[in-house]
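One structure is given here, and the rest of the page talks about it.
Just so it is clear, none of the values below were taken in a lab; they were calculated from the coordinates. Computed from a prediction, not measured in an experiment: that's the story for all the values here. A quick note on method: Cβ atoms are made from the backbone with ideal geometry, for glycine too, and the neighbour counts reach across all protein chains shown.
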Amino acid sequence: MGANSFGTLFTVTTFGESHGPAIGCVVDGCPPGVALAPDDFVADLARRATGKTRHTSQRHEDDVVEILSGVYEGRTTGTPIALLVRNTDARSKDYARITEQFRPGHADYTYWQKYGIRDPRGGGRSSARETTMRVAAAVIARKWLAERFGVRIRGHVSQIGGIRPRGFDWNVVEANPFFWPDASQVGELEAFMDALRKSGDSVGARVDVVAEGVPPGWGEPVYGKLDAELAAAMMGINAVKGVEIGAGFASIEQPGSVHRDAMTPAGFGSNHAGGVLGGISTGQPVTVSVAFKPTSSLRLPAPSIDMAGEAVETVVTGRHDPCVGLRAVPICEAMLALVLMDQALRHRAQCADVGPVSPRIPT
């Protein structure tokens with residue numbers, strides 16, 4: 001059976017293709033009574049959308065969410081919530097030339113090997129268009145987490161190619177097209193991306209996301225660890241090639257005396273663990289970093305093969321992102337929210353009578 005669902009108690013199933021009539025999802029397990037209306041989805045879907053600047057794909061989708069079930073008089077009923085977004089700006093003709101070819105760096109070849117059939121229009125099911133519904137589903141999770149626990153989830157781009165922020169200010173992240181935390185570098189990034197786009201090439205990016213206000217105790221050892229599920233969720237995003245929790249790979253060079261997060265009555269001395277110990281949240285911010293590969297859809301020719309196994313030269317036309325990481329912040333935030341929502345419900349189901357317990361370290 002195809003794995004198109006994730007989550008244990010808060011379950012999300014997505015459906016649809018990039019160039020089909022619509023994409024959608026079914027959210028099952030949402031508690032009743034959550035206020036929900038179509039307008040709640042506008043802000044986050046706009047943050048994920050293409051076509052807002054010259055630095056992303058110029059596909060312009062309306063991304064209007066239709067709530068088909070699970071909501072009555074503006075509140076969730078506890079029954080499955082079906083959400084639908086109609087595709088309004090698909091241009092399938094852009095892919096006519098490569099219908100019989102496999103694009104290097106794409107899922108064309110592997111989908112063909114697995115299913116014996118594929119949808120070449122924009123990558124079909126493997127397109128990042130599918131992530132629209134993850135962001136939509138996470139709107140519900142974010143609302144519940146904020147209302148019940150005061151959890152705040154936000155993210156930013158922390159690297160584009162070889163460029164890293166020289167400063168950091170959360171207040172400027174949403175004020176530029178790069179989700180970049182240093183306003184003084186926006187001009188440099190504009191010039192870098194303009195030159196990249198003109199060259200026809202692409203570049204990778206790193207996205208950092210953090211959840212603040214997560215209570216201690218969320219996570220299920222040994223096979224339902226919070227950090228393990230976060231890693232799986234992030235790796236399930238298109239174009240992701242690496243995930244770090246907390247210090248991540250930097251912990252290789254850290255002495256144990258530095259990496260271990262000292263505990264005092266006044267709080268933790270650091271957060272190299274990324275807010276997770278033994279697969280369970282510590283009460284500190286949960287921090288995740290995600291590496292996105294360069295876009296493989298390029299107008300630069302590349303050798304490949306066709307459906308007959310013959311050598312061909314492939315050129316990908318159409319509208320594509322020179323850096324997919326620029327639109328990935330709301331997607332990574334969404335996956336963090338969905339995992340936390342599911343873990344919160346699982347913790348409540350088993351351990352609602354346990355906490356809070358003492359001592360509890362301030363964060």
Fill in the blank from the handout: Label model pair residue 5, residue 75: point-to-point distance (7 angstrom along the Cα→beta-carbon line) in nm is 2.7 nm
Problem - residue 312 long-range amide H proximity, modeled H, under 5 Å - result: 304, 305, 306
Fill in the blank from the handout: Applying the gyration tensor rule to the Cα atoms of the stretch 116-214 (axes a ≥ b ≥ c; rounded if a/c under 1.5, else prolate if a/b exceeds b/c, else oblate), the class is oblate
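Just to confirm a number: summing +1 for Lys and Arg and -1 for Asp and Glu over residues other than residue 210 whose beta-carbon lies under 11 angstrom from that of residue 210, what do you get?
Details: positive: 152, 154; negative: 208, 212, 333.
Within the 11 Å Cβ shell, the charges total -1.
Less than 12 Å Cβ to Cβ from residue 171, Lys/Arg counted +1 and Asp/Glu -1: what total charge do the surrounding residues give?
On the way: positive: 154; negative: 169, 174, 182.
Neighbour charge sum, excluding residue 171 itself: -2.
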Handout entry: Net charge of neighbours whose Cβ lies under 12 Å from the Cβ of residue 312, counting Lys and Arg as +1 and Asp and Glu as -1
Key = -2
Problem - Cα-based reach from residue 198 at 14 Å (exclusive), listing aspartates and glutamates while leaving out same-chain residues under 8 positions away - result: 190, 321
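DSSP loop (so not H, G, I, E, B), at most 11 other Cβ within 10 Å: list which GluC sites (Glu not before Pro) in the stretch 293-363 pass both filters. Kindly include the intermediate steps, with their values, before the conclusion.
Numbers: sites: 310, 313, 333; in loops: 310.
Of the GluC sites (Glu not before Pro), the ones in loops of the stretch 293-363 whose Cβ has at most 11 other Cβ atoms within 10 Å are 310.
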Exercise for the section: Express the relative contact order of the chain as a whole percentage, based on alpha carbon pairs under 8 Å and six or more residues apart in sequence. Expected result: 21 percent
Completion exercise
Karplus ³J(HN,Hα) for the stretch 200-209 (6.51 cos²θ - 1.76 cosθ + 1.60, θ = phi - 60°; Hz, whole; x = Gly/Pro) runs x, 9, 9, 8, x, 7, 10, 10, 10, 10
Practice task
Show the residues, 5+ positions off or on another chain, whose built amide H is closer than 5 Å to the amide H of residue 298.
Solution key: 316
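For the stretch 63-145, which GluC sites (Glu not before Pro) pass both filters: DSSP loop (anything but H, G, I, E, B) and at most 13 other C-beta atoms within 10 Å?
Values: sites: 66, 73, 100, 130; in loops: 73, 100.
Here the GluC sites (Glu not before Pro) that fit, given the DSSP loop and packing criteria, are 73, 100.
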